[in-house]
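Chemist: Here's a structure for you.
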Amino acid sequence: MNSNQTSTLAPSKHVTRRAALKTGISAMALGAARLSLPTLAFSQPDPGEKLVPFVNMPRTGENRLDWETLDTWLTPQDQVFNVQHYGIPEFDPSTHRLEVTGMASHPRSFTLEELKALSRRDQLMTLECSGNGSSRGFMNAVYNSKWTGTPLAPLLERCGIDPKAKEIVFFGKDRSVETLRKDTPREVSVEVPFGRSMSVEDAMNLNLLLAYERNGEPLEKRNGAPLRLIVPGWYGIANVKWLDRIDIRDRRYMGRYMGRDYVTVRGERRDGEIQFLETSVTRMNLKSVIARVTRNQTRGGSIPLKAYGAAWNDGTEITRVHVKVDDGQWREAALDTEPRSKFSWVFFSIDLGVVQPGKHTIVSRATDANGRLQPASEDDEIALKKTYWEAYQQWPREIEVEA
Amino acid sequence: MNNFISHGVSHIVLAKSIKMFLCRKRLLLSGLAASAFLAGFGPIPCARAAAEPESQNGRIEGAVRYVSDSERPWKFSRYYVKDSEKGFLAEAVVALENPGLRSEPPDQKHNATTIDQIDFQFVPETVAIQSGNSVRFTNSDESIHNVMTTDGERPFNVSMPKGGEYVHVFKDARGIAKPVRLGCVYHGGMRGWVFVFDHPWFRVTSRDGQFQWENIPPGTYRLEMIHPAGRLEWRSEIEIKANETIRLEIVVSPDNIRASKR
């Protein structure tokens, strides 16, 4: 499925299977539920399959992805997170405008109506906060959506980008005072808008979208309404909310969330020594996670287990996901063939065989078409990372199975 | 429960309690068919005690029960409903309200509330206290936490390193409708609620969904239930008569889930 073939996709309202997993309701009820399952779901459970809760994981609250009940490919709105660094701005969305400023031969301003009158495109995309997965307390800041809006590149072409331009800066309506060189004689405090940037080349070639809908509904304000930049394959921070200005420049933008925060500090081994580098948080890394584990009735003292999960990245094809129980062998999981989309997560499932009663650890790892393998926490690219952004390490899930 | 009267008298009260129970069906039929209510009657324990005859006050023994709907699942039920068949709802806040309650003296037994941070959760997640009482926050995790709120007239934002402790006095009674919402700036999924009342007639349901009050002054009250984590709400009028025990079961369903704000 490509990103333009989305007209039949809609947020699923099916939920009965989720309830079945949660409560272990009768096989009859489950059978009825299965009849109503649409295609945008995990592989269907066997009758009698019941959720095995993860051990020591915090409860999932509102506006967070509920991994253990996840069964819809497009995430419902009540499981969508929002993070903002300058608060949610107060303004009248009906008068909102988008300005294109700076090194353009035809700088101009657009009303929402004008933007909605331009060509319209859907973009399927999984959006993850780059800090997601940094701890047990922050595991749910990821969701999959069908964004709808107008493509950015033709709009910028109409504005006429100066050939000398190097950088496109995207500003949101949210503002705050930032202090540089704090507690020094050269301290300076200024009020600035939230901003993120990328090269002109990236901005023109990555199929960026100026989105005003999510899953066929108007954006919610907390998620950036009335206008949000969508950058397929990039971490959430690049997807600027409450977008009101696009500035074309000939030099690097170094605002806080481009030049100082959302900077990964990581050690790399060179000639036997570790050299630390600071890099910008941009494209999403290859990642997978076990969403839930289910069990069936005990057979001969052993318990049959299944695991379900999701894997995502920057759009590079995900070819395999392997799952391991305790210290056992990695075993290949089945990747769902539908729905699939370049920038969206892929669901996987695996029959784990049987285990003995007690505590067990289950972990997944993804592989992409370039041979990249999702690292473990002990691997250098994670172990030598000193900042919490880009937390894409394998994530072992602990369960306790009763006889 | 420290004012039991003789066994013989309690039988009289038992009979009266059942009568009260039956005549208050309106309390129980929140959006449900009568048959559903009757089916749920079984688990309510029999009356064993009576109100205080000298004080002429009343008594409530209650339970909150969640009736699931497979077409409209409430994803939080796995945290708060221990037994999906019976549906008893834990960690719901119930409170009586009427203007006369504010003259009640402070309930000192609620002045030793602790909320710990364990496994990236506030534990307990929901507490109810009387205004002027304090909550002691602690951190038993290895990770650094924080406890903060922007609610009320005295917001706070306190770093909580491993082993940290912070005591906050909650002076503003915001009632059942406006709990103080707790969070941790480092871990956005952590959440908790402190309900602050200007009277002692509040309870948080037990793991089995139960609650009770003794010595309720006779009168007409608004009885409210809120489950903050799941946004469940319920309210009704209730009349307390002297020397009577009311047994009630608050039955909620997905119909009681408050819509989220866009």
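Bear in mind that the values in this text are calculations on the coordinates, not laboratory data. This structure is a prediction, so every number in the text was calculated from the model and none was measured. FYI the Cβ positions are ideal-geometry reconstructions off the backbone, even for glycines, and counts take in every protein chain you see.
Chemist: Give the average over all directions of the projected area of the C-alpha convex hull of the range B:62-196, one decimal, in nm².
Modeler: Values: hull surface 39.0 nm².
One quarter of the hull surface, i.e. the mean projection, equals 9.8 nm².
Chemist: I need the phi-derived Karplus couplings for the range A:144-155: 6.51 cos²θ - 1.76 cosθ + 1.60, θ = phi - 60°, integer Hz, Gly and Pro marked x.
Modeler: For the range A:144-155, the Karplus curve yields 10, 9, 9, 8, 10, x, 10, x, 6, 4, x, 5 Hz.
Chemist: Right, something else. What pairs from A:Lys146/A:Lys287; A:Lys116/A:Lys221; A:Lys306/B:Lys75; A:Lys50/A:Lys287 go past 24 Å between their alpha carbons? Don't jump to the answer; show the numbers that get you there.
Modeler: On the way: A:Lys146/A:Lys287 20 Å; A:Lys116/A:Lys221 17 Å; A:Lys306/B:Lys75 21 Å; A:Lys50/A:Lys287 26 Å.
Checking Cα-Cα distances, A:Lys50/A:Lys287 exceed 24 Å.
Chemist: Using Cα centres only, tell me the gap between the range A:60-123 and the range A:350-369 in whole Å.
Modeler: 37
Chemist: Looking at the range B:108-197, send over the antiparallel percent of its DSSP beta bridges, to the nearest 5. Intermediate values should be presented prior to the final figure.
Modeler: Working: 18 of 28 bridges.
Roughly 65 percent of the beta bridges in the range B:108-197 run antiparallel, per DSSP.
Chemist: If amide H atoms are built 1.01 Å from N in the plane of the peptide, which residues on other chains or at least 5 residues away come under 5 Å of the amide H of A:Ser130?
Modeler: Those qualifying (amide H under 5 Å, at least 5 residues apart or on another chain) are A:Gly236, A:Ile237.
Chemist: Can you give me the relative contact order of the range B:108-197 as a percent, contacts being Cα pairs under 8 Å and 6 or more apart?
Modeler: Once divided by the residue count of the range B:108-197, the mean separation gives 32 percent.
Chemist: Another one. In whole Å, what are the extents of chain A along the principal axes defined by its C-alpha atoms, from largest to smallest?
Modeler: Ordered largest first, chain A gives principal extents of 75, 55, 37 Å.
Chemist: While we're here: Nothing charged except the Cβ atoms of Lys and Arg (+1) and of Asp and Glu (-1): what's the magnitude of the dipole of chain A about its Cα centre? Round to the nearest 20 debye.
Modeler: Numbers: 55 positive and 52 negative charges, 65 e Å.
The dipole magnitude comes to about 320 debye.
Chemist: Taking amide H atoms as placed 1.01 Å from N in the peptide plane, list the residues 5 or more away in sequence, or in a different chain, whose amide H sits under 5 Å from that of A:Ile161.
Modeler: Placed amide hydrogens put A:Ser105 under 5 Å from A:Ile161.
Chemist: Still on this model: Arrange the following residues from fewest to most other Cβ atoms within 10 Å of their Cβ: A:Cys159, B:Cys184. Write down the numbers at each step before the final one.
Modeler: Values: A:Cys159 20, B:Cys184 24.
The order, fewest Cβ neighbours first, is A:Cys159, B:Cys184.
Chemist: Please list, in chain and number order, the residues 5+ apart from A:Gly224 or on another chain whose amide H is under 5 Å from its amide H, with Hs placed from the backbone.
Modeler: So A:Gly224 has HN proximity to A:Trp242.
Chemist: Return A:Ser377, B:Ser84 ranked ascending by Cβ neighbour count within 10 Å, so the fewest neighbours appear first. Can you show the working numbers first?
Modeler: Working: A:Ser377 12, B:Ser84 16.
Lowest count first: A:Ser377, B:Ser84.
Chemist: Per residue, how much space in cubic angstrom lies within the convex hull of the C-alpha atoms of the range A:78-253? Present the calculation step by step, with values, prior to reporting the outcome.
Modeler: Working: hull volume 23.5 nm³, N = 176.
Once divided by residue count, the hull of the range A:78-253 is 134 Å³.
Chemist: Out of the range A:307-403, which GluC sites (Glu not before Pro) are coil in DSSP terms and have no more than 13 other C-beta atoms within 10 Å? Can you show the working numbers first?
Modeler: Details: sites: A:Glu317, A:Glu332, A:Glu378, A:Glu381, A:Glu390, A:Glu398, A:Glu400, A:Glu402; in loops: A:Glu317, A:Glu378, A:Glu390, A:Glu402.
Answer in residue order: A:Glu317, A:Glu378, A:Glu402.
Chemist: Something else now. Order of A:84-94, A:235-245, A:54-64, A:344-354 by packing, highest average Cβ count within 10 Å first? Mind dumping the intermediate values first?
Modeler: Working: A:84-94: 12.9, A:235-245: 23.4, A:54-64: 18.8, A:344-354: 21.4.
The most tightly packed comes first, giving A:235-245, A:344-354, A:54-64, A:84-94.
Chemist: Moving on to the next point. In the neighborhood of A:Lys385, defined by Cβ-to-Cβ distances under 15 Å, what is the net charge if each Lys or Arg adds +1 and each Asp or Glu adds -1? Before the final figure, lay out the partial values.
Modeler: Working: positive: A:Arg266, A:Arg269, A:Lys287, A:Lys386; negative: A:Glu268, A:Glu278, A:Glu378, A:Asp379, A:Asp380, A:Glu381, A:Glu390.
Cβ neighbours under 15 Å give a net charge of -3.
Chemist: What is the Cα convex hull volume of the range A:134-209 when expressed per residue in Å³?
Modeler: Roughly 187 Å³ of hull volume per residue.
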